[in-house]
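Below you'll find the structure, written out as structure tokens, and then a few comments.
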Amino acid sequence: MSKRSASYFFKVLGVLAAPLMLVSLTASSGSAATATTPTFFGAKLTTHSQPSNAENGQSCSENAGIPHGSTCTWVAISAFENGSHFTAPRTGTVKHVKLVSCKAGKFRLQLAKALPRSRKAQILANGPEITYKGQNPCGGASGDHFVVQSFKVSLHVAKGDYIAIKARSAGTLSCSGGDGFLLYAPPLPVGGPLRKSHSGASCDLLVQLSYR
């Protein structure tokens with residue numbers, strides 16, 4: 001083959017190969033994007049997620065500054081075993097609410113805006129009322145196998161929304177220290193202004209919102 005023919009051959013080969021390499025890179029990038037797309041926020045729940053110190057539930061009024069028998073807004077500013085993933089990572093539709101509790105109960109699911117550093121929050125929207133079952137004995141026969149309950153919903157969330165519940169008491173808690181809530185009694189109204197919280201709970205919310 002002459003030098004000129006060889007040069008032409010490799011130019012053609014390069015033109016043919018370039019689109020193939022581009023397709024390969026595009027497919028790889030797409031796979032990576034899909035793999036990193038978040039599918040839930042809030043608590044990271046497994047059958048080992050224990051409602052520590054809340055096996056019998058906890059009422060709002062067990063926390064400082066809350067009158068006896070009060071119904072509260074509980075705004076979660078932490079994520080149980082899920083790092084900083086306590087807000088909606090993207091705008092979309094939540095399809096499932098998942099939770100762990102040994103005590104039967106119910107709450108109104110809500111979405112909130114919060115400023116944890118200044119301890120302020122407001123309620124943006126009401127979601128469905130969730131009525132959940134208990135588990136007896138707590139943790140099953142072995143004492144360390146907890147039921148993850150799942151409820152189908154259709155709730156629009158915006159990126160940055162916080163999870164909140166309205167309830168007099170809750171079993172969906174793990175109370176082992178920290179400061180995982182802003183508490184409000186009486187409950188915050190939907191669409192009201194940002195309000196400062198003067199109470200909190202040393203618990204994390206065992207509730208997860210899933211896009212799938």
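The values are calculated or read from the model by the stated rules, or taken from the named source; none is laboratory data. Just so it is clear, the model here is predicted, and its values are computed rather than measured. Here the Cβ is made from the backbone with ideal geometry for all residues, glycine too, and neighbour counts use every protein chain on show. To get the accessible areas, we keep the full protein, side chains included, count just its heavy atoms, and leave off ligands, DNA and RNA. Shrake-Rupley method; radii C 1.70, N 1.55, O 1.52, S 1.80 Å.
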**Complete:** Counting only residues that are at negative phi and either open to solvent by 40 Å² or more (accessible area, probe 1.4 Å) or part of a loop (DSSP other than H, G, I, E, B) (or both), the stretch 63-106 contains a total of 29
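Residue-wise test of (1) in contact with a strand residue (DSSP E or B) (Cβ under 6 Å, 6 or more places away or on another chain); (2) under 21 Å from ARG212 (Cα atoms).
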site	(1), (2)
THR37	no, yes
THR46	no, yes
PHE80	yes, yes
ARG90	no, yes
LYS113	yes, no
LYS133	no, no
**Message:** Checking ASN136 against (1) in contact with a Lys or Arg (Cβ under 6 Å, 6 or more places away or on another chain); (2) farther than 23 Å from ALA201 by Cα; (3) polar (S, T, N, Q), only one condition comes out false. Which one?
**Reply:** (1)
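Only one residue in ARG117, ARG168 is among the charged types (D, E, K, R) and free of Cβ contacts under 8 Å to residues at least 40 places away in the same chain. Which one?
Just one listed residue meets the conditions, ARG117.
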**Request:** Keeping to the stretch 167-203, report how many residues are touching an Asp or Glu at 6+ places or on another chain (Cβ under 9 Å) and assigned to a strand (DSSP E or B).
**Result:** 4
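So that you can scan it fast, the table gives a plain yes or no per residue for (1) within 21 Å of GLY191 (Cα to Cα); (2) in contact with a strand residue (DSSP E or B) (Cβ under 7 Å, 6 or more places away or on another chain); (3) modelled with pLDDT of 95 or more:
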{"residue": "LYS95", "(1), (2), (3)": "no, yes, yes"}
{"residue": "LYS98", "(1), (2), (3)": "no, yes, yes"}
{"residue": "GLN122", "(1), (2), (3)": "yes, yes, yes"}
{"residue": "GLU129", "(1), (2), (3)": "yes, yes, yes"}
{"residue": "ASN136", "(1), (2), (3)": "no, no, no"}
**Fill in**
Subset of the stretch 120-166, residues among the polar types (S, T, N, Q) and assigned to a loop (DSSP other than H, G, I, E, B), comes to GLN135, ASN136, SER142
**Asked** For residues in the stretch 135-163 being without any contact (Cβ under 8 Å) to a residue 60 or more places away in the chain and over 15 Å from SER49 (Cβ atoms), which is least open to solvent (accessible area, probe 1.4 Å)?
**Response** VAL153
**Item:** Selection count, the stretch 29-54, where residues are outside any loop (DSSP other than H, G, I, E, B) and modelled with pLDDT of 95 or more
**Value:** 3
**Message:** So, CYS60, is that one open to solvent by less than 20 Å² (accessible area, probe 1.4 Å) and in contact with a helix residue (DSSP H, G or I) (Cβ under 6 Å, 6 or more places away or on another chain) or not?
**Reply:** no
**Asked** What is the number of the single condition among (1) under 26 Å from SER70 (Cα atoms); (2) open to solvent by 30 Å² or more (accessible area, probe 1.4 Å) that LEU182 does not meet?
**Response** (2)
**Complete:** Over the stretch 201-212, the set of residues at pLDDT 95 or above and surrounded by fewer than 21 Cβ atoms within 10 Å (Cβ to Cβ) is SER210, TYR211
**Item:** Residues that are closer than 15 Å to GLY192 by Cα and β-branched (Val, Ile, Thr), drawn from the stretch 111-133
**Value:** ILE123
**Which listed residue is of a type in the set (Val, Ile, Thr) and open to solvent by 30 Å² or more (accessible area, probe 1.4 Å), from THR172, THR131** = THR131
